[in-house]
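Single-structure report; data block below.
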Amino acid sequence: MAAVSIDWQADLGVLDSNRYMLENHVACDITFYVGKQRQEVTAHKYVLISRSSVFYAMLCGPLQEIGQIDMPDIEPVVFQQLLRFMYYEEFEPNGDYILALLYAAKKYAVERLVSMCVNWLKDGVDVENVCGMLQQAHSFGEKVLMSNCLEFIMDNGSSVLQHKSFMTLPSELVEMVVKQDGLCAEEDQIYEAMKDWAQNECAQRNLQPNTENIRGVLGGLKNYIRFSLMDGEYFANKVAADDILTADEKVSLFQTFLGGDSLETTTFIHTARKTTFRSMQKVLRFSTQVSYLSAGSSLHAIQLKCSEQVLLMGIIIYGATFQPYEPRGVFSTAHFDSDIEVQVLDISQRIILSMKCHRTISEEKYQEILFDKPVILMCSWYTVTLQVACSGTTVSGKHGENVVSIGDGQFIAFRDSSLSTSSTNASNGQIPGILICRRRTKI
């Protein structure tokens, strides 16, 4: 059967006519030598300059290129896709070359194609390609795509860190990832990934992957590893044995594990990553409560110790209560304004948190006082103090429990503090509970 001939100029629309001219090389007036193999590709100046300001400058500006143009940084399959979009709006993304197409669209300022590539990439991101996408987005200044890639890495941190593509990230992007509080990975996983990255970086720089060179390659990046949030046994048996940390750094971190050193004295970040801890949990230590306890100016203090590392998010205090004025028997209002000061001290009685706030103490049984930032509690004794500056009265607890279960066989122990100048102790008084976040199970 004979092929059906068409009068393309009469029968086809504008876009289909453009397609026909491109595919059949009709009246082409510009030649490109594309890719490393310099494959010849012909096109039409009028289409290129109508769709791209860069091509307009190249072909019509004072420094215009005439006749033949070398394009070694773009492969033929990518350039053909670029031309198809410019000629007749065809966009058929392929994961094998979508990043290269984004590069070409960005280079030649085909902004609509840039937007379409970015949107496709946002929907197609996965563990296999996210690091490559992040690099491309960073190179091209594509902030929306970068944000999307980082969000994916945060949610899938454990898997991404173990993928070989993470090893190829430049140091500025590694820093961008590991410094995030939202990175969903355990600190030992982050440490192992950073060590593997440094070893690969040594190979790229033709350096021996010894301890000194790994430490040098990591530089300040190691400060983003939250060593104090690691399991103490892992730190002692693995991290300390690797000798990537200096002797002084190891001593300082060992002191934090023992609860005997202020975290602010080290150069490392100690803020917990948001995704490695569970939701906030109330821990209450009294089985009953009675009235009355004068708020006054006395200092309420207790000591506590956790069987596992937790975040102390705040404390719970008792609310206001009615109390009759003597001798007339009239009742006071069951709420009052108060200046409140809370402090947390480590085993050496050094203050590791001090917070002041103004609160209205209402008749609600429990009042939550959230800290401005969490406090990391190691398996050591800490002291919590509370001062409520007012003349009102609050509920007072009794029959306090010395050990309170927090689930999974873990517990928090309470005991008297010598700092208390009120009736508050492990058995009676104020500070009926604390607010904590426990570590999630292994990600």
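The values are calculated or read from the model by the stated rules, or taken from the named source; none is laboratory data. Since the structure is predicted, the reported quantities are computational estimates derived from the model, not experimental observations. No Cβ is skipped: glycine too gets one built from the backbone with ideal geometry, and neighbour counts run over all protein chains shown.
Would you be able to tell me the number of residues in segment 401-424 that are under 30 Å from R226 (Cα atoms) and assigned to a loop (DSSP other than H, G, I, E, B)?
2
In segment 372-401, how many residues are more than 29 Å from the chain's Cα centre (by Cα) and farther than 21 Å from L299 by Cβ?
Total satisfying the criteria: 2.
Results for (1) more than 16 Å from D126 (Cβ to Cβ); (2) at pLDDT 95 or above; (3) touching a helix residue (DSSP H, G or I) at 6+ places or on another chain (Cβ under 9 Å), shown as yes or no for each residue.
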{"position": "F152", "(1), (2), (3)": "no, no, yes"}
{"position": "N156", "(1), (2), (3)": "no, no, yes"}
{"position": "F166", "(1), (2), (3)": "no, yes, yes"}
{"position": "G182", "(1), (2), (3)": "yes, no, yes"}
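Going through L258, L253 one at a time, which residue ends up being aliphatic (A, V, I, L, M) and either at pLDDT 80 or above or under 24 Å from the mean Cα position of the chain (by Cα) (or both)? Walk me through it before giving the result.
Numbers: L258 fails: either at pLDDT 80 or above or under 24 Å from the mean Cα position of the chain (by Cα) (or both).
Going through L258, L253 in turn, just one is aliphatic (A, V, I, L, M) and either at pLDDT 80 or above or under 24 Å from the mean Cα position of the chain (by Cα) (or both): L253.
Give the number of residues within segment 210-224 that are more than 19 Å from the chain's Cα centre (by Cα), surrounded by 15 or more Cβ atoms within 10 Å (Cβ to Cβ) and not β-branched (V, I, T).
The initial filter retains those residues of segment 210-224 that are more than 19 Å from the chain's Cα centre (by Cα), namely 210-219.
From the residues that got through so far, the ones that are surrounded by 15 or more Cβ atoms within 10 Å (Cβ to Cβ) too are 213-215, 217-218.
Among the residues that remain, those that are also not β-branched (V, I, T) are: 213, 215, 218.
Going through segment 210-224 one residue at a time, the tally reaches 3.
Scan segment 106-141 for residues that are surrounded by fewer than 18 Cβ atoms within 10 Å (Cβ to Cβ), of a type in the set (D, E, K, R) and modelled with pLDDT of 85 or more and jot them down.
Residues satisfying the conditions are K107, E111, R112, D126, E128.
Give the number of residues within segment 22-35 that are over 51 Å from the mean Cα position of the chain (by Cα) and surrounded by 13 or more Cβ atoms within 10 Å (Cβ to Cβ). Write out each step before concluding.
Taking segment 22-35 and keeping what is over 51 Å from the mean Cα position of the chain (by Cα), we get 24-29.
If we keep only those that are surrounded by 13 or more Cβ atoms within 10 Å (Cβ to Cβ) too, we end up with 26, 28.
Residues in segment 22-35 being over 51 Å from the mean Cα position of the chain (by Cα) and surrounded by 13 or more Cβ atoms within 10 Å (Cβ to Cβ): 2 in total.
If only one of Q349, Q323, Q387 is under 25 Å from T288 (Cβ atoms), surrounded by fewer than 20 Cβ atoms within 10 Å (Cβ to Cβ) and either at pLDDT 85 or above or not hydroxyl-bearing (S, T, Y) (or both), which one is it?
On the way: Q349 fails: under 25 Å from T288 (Cβ atoms); Q387 fails: surrounded by fewer than 20 Cβ atoms within 10 Å (Cβ to Cβ).
Every option except Q323 fails the conditions.
Within segment 116-148, can you find the residues that are aliphatic (A, V, I, L, M) and in a loop (DSSP other than H, G, I, E, B)? Reasoning before the result, please.
From segment 116-148, those aliphatic (A, V, I, L, M) are 116, 118, 121, 125, 127, 130, 133-134, 137, 144-146; that's our starting set.
Those that are aliphatic (A, V, I, L, M) and in a loop (DSSP other than H, G, I, E, B): V125, V127.
Of all residues being within 20 Å of Q37 (Cα to Cα) and of a type in the set (A, V, I, L, M) in segment 77-98, which is surrounded by the fewest Cβ atoms within 10 Å (Cβ to Cβ)? Just the residue, please. Reasoning before the result, please.
First, the residues of segment 77-98 that are within 20 Å of Q37 (Cα to Cα): 77-83, 96-97.
Okay, now just the ones that are also of a type in the set (A, V, I, L, M), so 77-78, 82-83.
Working: V77: 16, V78: 24, L82: 22, L83: 22.
Going through the qualifying residues, I end up with V77.
Given the criteria within 24 Å of S228 (Cβ to Cβ), of a type in the set (A, V, I, L, M, F, W, C) and surrounded by fewer than 17 Cβ atoms within 10 Å (Cβ to Cβ), does L370 qualify? Show your work before the answer.
Details: within 24 Å of S228 (Cβ to Cβ): yes; of a type in the set (A, V, I, L, M, F, W, C): yes; surrounded by fewer than 17 Cβ atoms within 10 Å (Cβ to Cβ): yes.
The answer is yes for L370.
Scan segment 36-48 residue by residue and report those that are buried (at least 18 other Cβ atoms within 10 Å of the Cβ) and either over 27 Å from Q9 (Cα atoms) or within 46 Å of the chain's Cα centre (by Cα) (or both). Please lay out each step first, then the result.
Of all residues in segment 36-48, those buried (at least 18 other Cβ atoms within 10 Å of the Cβ) come to 41, 43-44, 47-48.
Residues satisfying the conditions are V41, V47, L48.
Which residues, counting only those in segment 153-206, are surrounded by 15 or more Cβ atoms within 10 Å (Cβ to Cβ) and either part of a loop (DSSP other than H, G, I, E, B) or basic (K, R) (or both)?
N156, H163, L169, Q180, L183, C184, A185, E186, K195
Taking the residues in segment 354-370 that are in contact (Cβ under 8 Å) with a residue 40 or more places away in the chain and assigned to a strand (DSSP E or B) as candidates, determine which candidate is nearest to the chain's Cα centre (by Cα). If you could, list the steps in order and put the result at the bottom.
Here is the first cut: in segment 354-370, the ones in contact (Cβ under 8 Å) with a residue 40 or more places away in the chain are 361-370.
Filter once more, keeping what is assigned to a strand (DSSP E or B): 361, 366-370.
Values: I361: 36, Y366: 33, Q367: 31, E368: 27, I369: 26, L370: 22 Å.
Of everything passing the filter in segment 354-370, L370 is nearest to the chain's Cα centre (by Cα).
Kindly indicate the residue of segment 305-314 that is part of a strand (DSSP E or B) and closer than 18 Å to V403 by Cβ and also modelled with the lowest pLDDT among those meeting that condition. Break it down into steps so the answer makes sense when it comes.
Kept after step one, since they are part of a strand (DSSP E or B), are these residues of segment 305-314: 305-306, 310-314.
Next, only the ones that are closer than 18 Å to V403 by Cβ stay: 305-306, 310, 312.
On the way: K305: 95, C306: 94, V310: 87, L312: 91.
Among them, the one singled out is V310.
Among the residues of segment 283-304 satisfying the criterion of being modelled with pLDDT of 80 or more and farther than 18 Å from M378 by Cα, which is nearest to the chain's Cα centre (by Cα)? Give the derivation first.
Here is the first cut: in segment 283-304, the ones modelled with pLDDT of 80 or more are 283-287, 298-304.
Those still in the list that are farther than 18 Å from M378 by Cα too: 284-287, 298-301.
Details: L284: 31, R285: 34, F286: 37, S287: 39, S298: 41, L299: 38, H300: 37, A301: 35 Å.
So, considering only residues that are modelled with pLDDT of 80 or more and farther than 18 Å from M378 by Cα, the one nearest to the chain's Cα centre (by Cα) is L284.
Checking the conditions here, which among K398, K373 is at pLDDT below 85, part of a strand (DSSP E or B) and assigned by TED's automatic domain parsing to the domain that holds V310?
On the way: K398 fails: at pLDDT below 85.
Checking each option against the conditions leaves just K373.
Does segment 96-109 contain any residue that is more than 18 Å from the chain's Cα centre (by Cα), outside the structural domain of S50 (by TED's automatic domain parsing) and more than 21 Å from F277 (Cα to Cα)?
First, the residues of segment 96-109 that are more than 18 Å from the chain's Cα centre (by Cα): 96-109.
Retained after the next criterion (residues that are outside the structural domain of S50 (by TED's automatic domain parsing)): none.
No, every residue in segment 96-109 fails to be more than 18 Å from the chain's Cα centre (by Cα), outside the structural domain of S50 (by TED's automatic domain parsing) and more than 21 Å from F277 (Cα to Cα).
Conditions: (1) within 21 Å of N18 (Cα to Cα); (2) of a type in the set (V, I, T); (3) crowded, with 18+ Cβ neighbours inside 10 Å. I74 meets all but one. Number of the miss?
It is condition (1) that I74 fails.
Are any residues in segment 95-111 part of a helix (DSSP H, G or I) and either in contact (Cβ under 8 Å) with a residue 24 or more places away in the chain or in contact with a strand residue (DSSP E or B) (Cβ under 7 Å, 6 or more places away or on another chain) (or both), and if so, which ones?
Initially, segment 95-111 is screened for residues part of a helix (DSSP H, G or I), giving 98-107, 111.
I98, L99, A100, L102, Y103, A104, K106, K107 - these are the residues of segment 95-111 that are part of a helix (DSSP H, G or I) and either in contact (Cβ under 8 Å) with a residue 24 or more places away in the chain or in contact with a strand residue (DSSP E or B) (Cβ under 7 Å, 6 or more places away or on another chain) (or both).
Going through segment 1-28 one residue at a time, which ones are touching a Ser or Thr at 6+ places or on another chain (Cβ under 8 Å) and closer than 25 Å to G67 by Cβ?
Restricting attention to segment 1-28, the residues satisfying the condition of being touching a Ser or Thr at 6+ places or on another chain (Cβ under 8 Å) are 8-9, 25, 28.
Within segment 1-28, H25, C28 meet the criteria.
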